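No value in this document is a laboratory result; all are computed from the given coordinates. Note that this is a predicted model, so its numbers are computed, not measured. Please note: Cβ atoms are built from the backbone with ideal geometry, for glycine as well, and neighbour counts cover all protein chains shown.
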Amino acid sequence: MYLQHRNRILRRSQPIRDLVAETTLSSNDFILPIFITEGKNVVEEIPSMPNYFRRSLDETVKEVKELWSVGIKALNTYVKISNHLKDNTGKEAWNPNGLMQQAIKAIKDAVPEMLIMTDVALDPFSKYGHDGIVDEKTGYILNDETVNALTLMSLSHAEAGADFVAPSDMMDGRIGAIRKAFEENNFSNVGIMTYGAKYASCFYGPFRDALDSAPGFGDKKTYQMNFANRREAINEVMKDVEEGADIVMIKPAMAYLDIIREVKNVVTVPVSAYQVSGEYAMIKAAAHNGWIDENKAIIESLTAIKRAGADLILTYFAKPAAKLLAE
Ligand code: PBG
């Protein structure tokens, strides 16, 4: 045979493959979601997320120091609180001495440079497990009342020392309202990473176990997006950018790589993607059964998410991935 081009030339050896690699992964790309719970000396494994833990504040601080030492520089924080603190308004979310506010301060005291992004949504504080305030007559999630609550919540996170807030609720207009509140209250340096296109997904199941935050009735389809839609994601993300979002997120990641790419093609702000709890659980379960190689699945999935267009990735694998990349 006489061939003008032999494409396999660029794949012949590891050095040439490395030279022409189009995507590289680094621990600088990762944000680690962490679950914080009440009490002391608590380290609880989440049954549907093997080898992933909820920790009390004292244990969280120890873990955060270790995370920093392996190159994890950004966290997304979630809290699990007792049921007696939950109601329909979610007001525990902006208690200045609440668990989230204490956690932000404790982490900043222990590792001042660690970047803290806080989850902003009412579900861990709602007696109904919904991301917003429920109209008790109709079951509908009230948009504008919820935006007001999310603004109070964001201000209290900023007051405690958060670097970014990350609204995961999908209400309309919350990014603009939070940006305005930050400007008016001397928090002009606090950023917003919006969950811009967040789909109503079954892949959040293990997370809801972790925070005991599954919806008490119905589902989240009146606020989270229909997974059949692509154009709508662009619309959602563009609105959030106009309202002042600094970083836009797509969630989940692995089944939504097309959305990550579409968004990447139209925005100039950084794009993040969330490899969610169900994605973690699937890889863990298959690896546990000996059906796939866990370490290879971690690196391949994260590289694919980055190749699709994510500049940064929220992943429960951040710690093992950082270790693997350092080897
Ligand atoms: C809730 C929230 C969810 C996740 C992050 N924030 C769950 C939901 O929307 O029901 C999911 C994260 C994951 O599955 O890893 N505001």
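Spacing of the modelled spin labels on Thr23 and Ala286, each 7 Å from Cα toward Cβ, amounts to 1.5 nm.
When the pairs Lys40/Lys65; Lys86/Lys221; Lys80/Lys251; Lys80/Lys198; Lys62/Lys220 are compared against a 25 Å limit on Cα-Cα distance, Lys62/Lys220 fall above it. Reducing the stretch 52-108 and the stretch 173-232 to their Cα centroids gives an inter-centroid distance of 18 Å.
Extension gain for Leu10 to Ala255 (0.36 nm times residue separation, less C-alpha to C-alpha distance): 85.3 nm.
Rg/Rh for the stretch 22-326 stands at 0.93; both radii use Cα atoms, and Rh follows the Kirkwood definition. Among the trypsin sites (Lys or Arg not before Pro) found in the stretch 100-142, those both in a DSSP coil and sparsely packed, with 12 or fewer other Cβ atoms within 10 Å of their Cβ, are Lys137.
Approximating the spin labels as points 7 Å out from Cα along Cα→Cβ, the His84-to-Tyr140 distance works out to 3.6 nm.
Couplings 3J(HN,Hα) of the stretch 127-141, computed from phi: 5, 9, x, 9, 6, x, 7, 8, 6, 5, 7, 10, x, 6, 8 Hz, in residue order, whole Hz [Karplus 6.51 cos²θ - 1.76 cosθ + 1.60, θ = phi - 60°; x for Gly and Pro].
Listed by chain and number, the aspartates and glutamates whose alpha-carbon sits under 18 Å from that of Lys105, ignoring those within fewer than 8 places in the same chain, are Glu38, Asp58, Glu59, Glu63, Glu66, Glu92, Glu113, Asp119, Glu159, Asp163. Between Glu232 and Thr268, the distance separating the two model label sites (each 7 Å from Cα on the Cα→Cβ line) works out to 3.0 nm.
Say the cut-off is 31 Å between C-alpha atoms; which of Lys91/Lys180; Lys180/Lys284; Lys239/Lys323 go over it? Over 31 Å apart, Cα to Cα: Lys180/Lys284; Lys239/Lys323.
When you restrict to C-alpha pairs under 8 Å that are six or more residues apart and normalise by the size of the stretch 169-324, the relative contact order lands at 24 percent. For Tyr52, the residues 5 or more places off, or on other chains, whose built amide H falls under 5 Å of its own are Ile46. As I understand it, the value is the acute angle between the Cα axis of helix 257-266 and the longest principal axis of the Cα atoms of the chain; what does it come to in degrees, rounded to 10? For 257-266 against the chain, the angle is about 80 degrees. For Thr89, no residue whose modelled amide H falls within less than 5 Å of its own remains once neighbours fewer than 5 places apart on the same chain are excluded. To the nearest ten degrees, helix 231-243 and the longest principal axis of the Cα atoms of the chain are 60 degrees apart.
Using R0 = 22 Å, the C-beta based FRET efficiency linking Val70 and Glu294 works out to 0.80. Here the calculated FRET efficiency for Ala214 and Met1, from their Cβ-Cβ distance with R0 = 45 Å, stands at 0.15, rounded to the nearest 0.05.
Extension gain, Lys105-Val42: 0.36 nm per intervening residue step, less the Cα-Cα distance, totals 20.8 nm. Against the empirical 2.2 N^0.38 Å (N residues), the stretch 161-299 has a Cα radius of gyration ratio of 1.15.
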